[in-house]
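The values are calculated or read from the model by the stated rules, or taken from the named source; none is laboratory data. Note that the structure is predicted; figures quoted are calculated from it, not measured. Backbone-built Cβ (ideal geometry, glycine too); neighbour counts: all protein chains shown. Only protein heavy atoms, including side chains, enter the accessible area calculation; ligands, DNA and RNA are left aside. Shrake-Rupley method; radii C 1.70, N 1.55, O 1.52, S 1.80 Å.
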Amino acid sequence: MEKPDMELIKDGKRLDGRRPDELREIKIEVGVLKRATGSAYVEWGKNKVLAAVYGPRELHPKFLRNPTKAVLRCIYNLAPFSVEDRKRPGPDRRSVEISKVSAEALSSVVMLERYPNAGIDVYIEILQADAGTRCVGLTAASVALADAGIPMKDIVAACAAGKISGEIVLDLMKEEDNYGESDLPIAVMSRKKDVVLLQMDGKLTREEFKKAYELAVNGATQVYEIQKAALLKSVNDVKIEG
Ligand code: ADP
């Protein structure tokens, strides 16, 4: 289907006033759920996302157990009230796909071999969606895993870049995602910059891809700084309370 032409950049500014290389505002709160082993709540532009981690714990059903390492499972869920037209509750193709790629991305950093036969469950609940939710979900889940005290090689930070009105920009919001030409969400191990997720919607030339990729990695580096600050704050708060 042809997308209607929409001017998404005017005088170097986007619809929400951002520069092409600017992230939306991000706020991260750590340890928001009492009964989860670890949790995080992230507001990223108009996205509102909760991540909860349970485990490592005995994995059921038993036949899923791996005697050499833990199994990390992830469920990404878009709440019915999270989008403009109510979404039918329950899993669909899109959420099954995002759950799968998120579990794979997180499994690359968690030291699963430390917990043979165990299961680690990660729940990503999208309470309000405004594009980029897989990146927000992964960013929140990674902080929740750290909050759970689960050993990891690195923290996963995610961010998207894309193309709108012919320009490469960072962190597309809903209108840009709808009417733009391309979206490239990535997730990286924060320090080594190894890529643990890379997907793409639409088309980019080789040059555009390179530019968008670099911009997204740079965005993820900024996201990592915010994750780190939130985690440090939560550790200090616990010390003060204690
Ligand atoms: P992401 O949220 O990771 O960018 P998509 O590109 O698939 O993933 O979705 C872009 C946006 O489209 C979502 O953030 C959400 O705002 C909206 N969206 C996705 N699925 C639905 C749906 N079933 N109903 C209404 N809006 C949706």
(request) Using per-residue counts of other Cβ atoms within 10 Å, averaged over each peptide, order 158-167, 203-212 from highest down. (result) 158-167, 203-212
(message) Suppose each label sits 7 Å from its Cα in the direction of the beta carbon; what would the GLU84-ASP194 distance come out to in nanometres?
(response) 4.0 nm
(message) Roughly how far apart, in whole Å, are the Cα centres of region 199-223 and region 15-41?
(response) 21 Å
(request) Could you tell me how many degrees, from 0 to 90 and to the nearest 10, lie between the Cα long axis of helix 133-147 and the main elongation axis, the longest principal axis, of the Cα atoms of the chain? (result) 30 degrees
(request) Counting only DSSP beta bridges with both residues in region 18-241, tell me the antiparallel percent, nearest 5. (result) 85 percent
(request) Whenever you get a sec, line up SER182, SER107 from highest to lowest accessible area (probe 1.4 Å, protein heavy atoms). (result) SER107, SER182
(message) Which entries of LYS34/LYS62; LYS48/LYS87; LYS192/LYS239; LYS34/LYS153 have Cα-Cα distances beyond 21 Å here?
(response) LYS34/LYS62; LYS192/LYS239; LYS34/LYS153
(request) Give, in nm to one decimal, the length gained when the segment between GLU25 and ARG94 is fully stretched (0.36 nm per residue of separation minus the Cα-Cα distance). (result) 22.3 nm
(request) Only helical DSSP H runs with n ≥ 4 go in: add -39500 (n - 2.57) per run for the chain, normalise by residue count and round the 222 nm mean residue ellipticity to 500 deg cm²/dmol. (result) -10000 deg cm²/dmol
(request) Work out the length of the dipole vector of region 85-242 about its Cα centre, built from +1 on the beta-carbon of each Lys and Arg and -1 on the beta-carbon of each Asp and Glu, and round it to the nearest 20 debye. (result) 360 debye
(message) Just want to confirm a number: the relative contact order over the chain, from Cα pairs under 8 angstrom separated by 6+ residues, in percent.
(response) 21 percent
(message) Over region 1-127, what portion of Cα pair distances is larger than 20 Å, expressed as a whole percent?
(response) 60 percent
(message) At q = 0.11, 0.17 Å⁻¹, what log₁₀ I(q)/I(0) does region 18-241 have when each alpha carbon counts as one equal point scatterer in the Debye sum?
(response) -0.52, -1.20
(request) Rounded to the nearest 10 degrees, what's the angle between the helix 206-241 long axis and the longest principal axis of the chain, both from Cα atoms, 0 to 90? (result) 40 degrees
(request) Determine the share of the chain's accessible area contributed by carbon and sulfur atoms, expressed in whole percent, with a 1.4 angstrom probe. (result) 52 percent
(request) Compute the Rg to Rh ratio over region 144-221 from the alpha carbon atoms, using the Kirkwood formula for Rh, and round to two decimal places. (result) 1.05
